[in-house]
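All remarks here apply to the structure that follows.
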Amino acid sequence: MQLRELKYHSKLLLISAIIFSNYSVTTQAQGFRSCDNFLPALRTVRDYRIGPESCQMLETEVIYKDKEFIRVDMGISGTVEGFVTREGDYNEYLTNTPELVFPQAQASDVQEPVFAVANYERARGAAVLLVYPKSRRDWNGKLWVTAHGRGRSFNNGSLKIWHKYMDPDDPIATFNKLEKAMLSLGYAIAVTRRTSEENVGEIITTLEDGTVVDWAAFNDSHSLIKDYTAIAENTLRRRLGKSPDRTFLYGKSAGARLARGLNYFGSRINKDINGNQVFDGLLVDDSAAGTWLPVVMENGKDVLLTTPEEKQAFVPQLELVHQAYWNFNNHDLPEFVTHSFLANKYNNAMILKEKGLMDKFRMYEIRQLSHDGGSYMADGRRDRLQILDLSLLMEGAIKLLDAWVEGEPPPASRSDHPEIGDINGDGSIDFPAISYPEVACPLGKFYPFPRSGSGATTWAAFTGNGIEPRDDNGVFVDMNGNGLWDFRETPEQAWRRLGILAPGESLTRTRYVDCVRSAASTLAEEGFIDPEVVEAYVINARSKNLTPTSDDEHALIFFSRF
């Protein structure tokens, strides 16, 4: 069966140089051009010719943090294969690991997976936004590929026609702080865009019996991400004269779940058409619903990651778990999947531990951080939202994963769950969850906002006046940990309760600065944050108001590296 090849023609776009305080941009005068020569060869799957079929690009020169980069926006049209089911929870998720996805989503009434081929179009947002240092001397020789979460589509406006991702007035605005961190460290980045919202009539998909549907989505499509990766690698090879020495995958939420599945089936999925490994390491950022778990049941027995070949193909996987994202799931689930997102993240680590893979897996749990890491907020705040800046920790995570792939193991997993954080079984947590200085030396508490289970947070101050707040669902915020809805403490009272101050000891400026310096320095010594961040925290602590009077005061550090 031959699939339709979509072709697009675009007008010439000329953008003059625009100078800003921290970057400049000059777009090449040739405007839109074909990038078909960067596409991998089509592959044959069940008599279908599948893969990227057509490519248009817009090239831009950008200066960011005094370094010159080339930005190549590539709009891609083509096809990709996978499996869906006709009914049931998550039936729309076109996936290459149906034995992992559908039994964990559909439980007692698992539908038979159906082979499918889906069309994607650059006119509806399918794109690779590749940025790399202009000079090969400034490139560290490595590539990061990013996979975003659920909910993006052209119909809801979160995807754009491929050439409209770049704002000529602010050419760096496309990228969040995590992606900017990658650039600042010398990596090339390939930021991918795909429809990840189901039932929007955007992805025309042909099922194996010839039925055509429009409800599929690419939330869990490993083949699509690998095709995008091949395009980025081909471009770098042609432009900089070499393929990446290492290629890493960063996934957030649904993208993190996609990354897990790729690694759990690495012997089959983390391979290119020639059988070569695609990704050398994975950075998994708060996997959606805490799944997928590394379990495939056959005849009452878990058969996943049980052979030497499967374990050998498992690449280093560093996971960030956002502790304050305690949302839940109402689906009909199998026994080994809980309704608690956080519990599933714990279970994922414990199952990998049982399977003997802790030498290739690390989990770093972060206190008082919900799903949103503030990556699009300049100082972590917007209106009532106040969110810990994940990019400060992400920079360290990037370095730790890179070093791990090169042979240097990172610090032990960090979690408040005893089976993960208590390594010697004595009942005491040896490696507790990570606390930012704002949490380790608190003047208040971050909590999910606007309601329990929300992906964002706000902050409640230890004012010493009035009662503890309630969220928009009327659930009270237990600021003092006594399980009651009662009064707010002062910072000094909270510090004594937490054991930071001894009985009778006062909270002074010196004591506060010392606490912040110690908390930040510990994170730096372990490789989680940069020494520059420590100094910024200390400077901020010297002027921070130690007696907040309202929740409107800014709880966060006034510092962003990106």
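Here, each number is a calculation from the coordinates, and none is a lab measurement. Model, not experiment: these values are computed from the prediction. Positions of Cβ are generated from backbone atoms using ideal geometry, with glycine treated the same way; all protein chains shown enter the neighbour counts.
Here are a few things to note about the model shown:
- Prolate/oblate/rounded call for the stretch 339-391, Cα gyration tensor, a/c under 1.5 rounded: prolate
- FRET efficiency for the Arg268 to Ile423 pair, using the beta carbon distance and R₀ = 35 Å, is estimated at 0.60.
- With Cα atoms defining each centre, the stretch 436-508 and the stretch 187-260 are spaced 41 Å apart in the structure.
- GluC sites (Glu not before Pro) restricted to DSSP loop in the stretch 481-549 with at most 11 other C-beta within 10 Å: none
- Cut-off 14 Å between beta-carbons: net charge of the residues surrounding Leu342, Lys and Arg +1, Asp and Glu -1: -3
- Relative to its residue count, the chain spans a Cα convex hull of 159 Å³ per residue.
- Neighbour net charge for Glu233 - beta-carbon separation under 13 angstrom, K R +1, D E -1: +3
- Computed per residue of the chain from DSSP H runs no shorter than four, each worth -39500 (n - 2.57), the mean residue ellipticity at 222 nm is -7000 deg cm²/dmol.
- For the stretch 38-46, 3J(HN,Hα) per residue [Karplus equation, 6.51 cos²θ - 1.76 cosθ + 1.60, θ = phi - 60°, Hz, x = Gly/Pro]: 8, 7, x, 5, 5, 10, 9, 10, 6
- Summing charges over all other residues whose Cβ lies under 14 Å from the Cβ of Leu283, with Lys and Arg as +1 and Asp and Glu as -1, gives +1.
- The Rg/Rh ratio for the stretch 488-532 is 1.08, where Rg is the radius of gyration of the alpha carbons and Rh is the Kirkwood radius.
- Gyration tensor (alpha-carbon) shape descriptor, the stretch 437-541, a/c threshold 1.5: oblate
- Simple Cβ-charge dipole of the chain, Lys/Arg +1 and Asp/Glu -1, about Cα centre, in debye nearest 20: 1720 debye
- The chain, relative contact order [Cα under 8 Å, separation at least 6], %: 10 percent
- For the chain, with +1 on Lys and Arg beta carbons and -1 on Asp and Glu, the positive-most of Pro316, Ala378, Ser196 along the dipole: Ala378
- The stretch 437-541 - percent relative contact order, Cα under 8 Å, separation 6 or more: 22 percent
- Residues in the stretch 453-467 reached by a label modelled at Asn156 [backbone nitrogen below 19 Å; 7 Å Cα→Cβ]: 453-457
- Expressed as a whole percent, the proportion of Cα-Cα pairs in the stretch 380-519 lying more than 21 Å apart is 57%.
- The stretch 108-264 shape via C-alpha gyration tensor axes, a/c threshold 1.5: prolate
- Links that overshoot a 28 Å alpha carbon limit, given the list Lys160/Lys345; Lys311/Lys399; Lys142/Lys360: Lys160/Lys345
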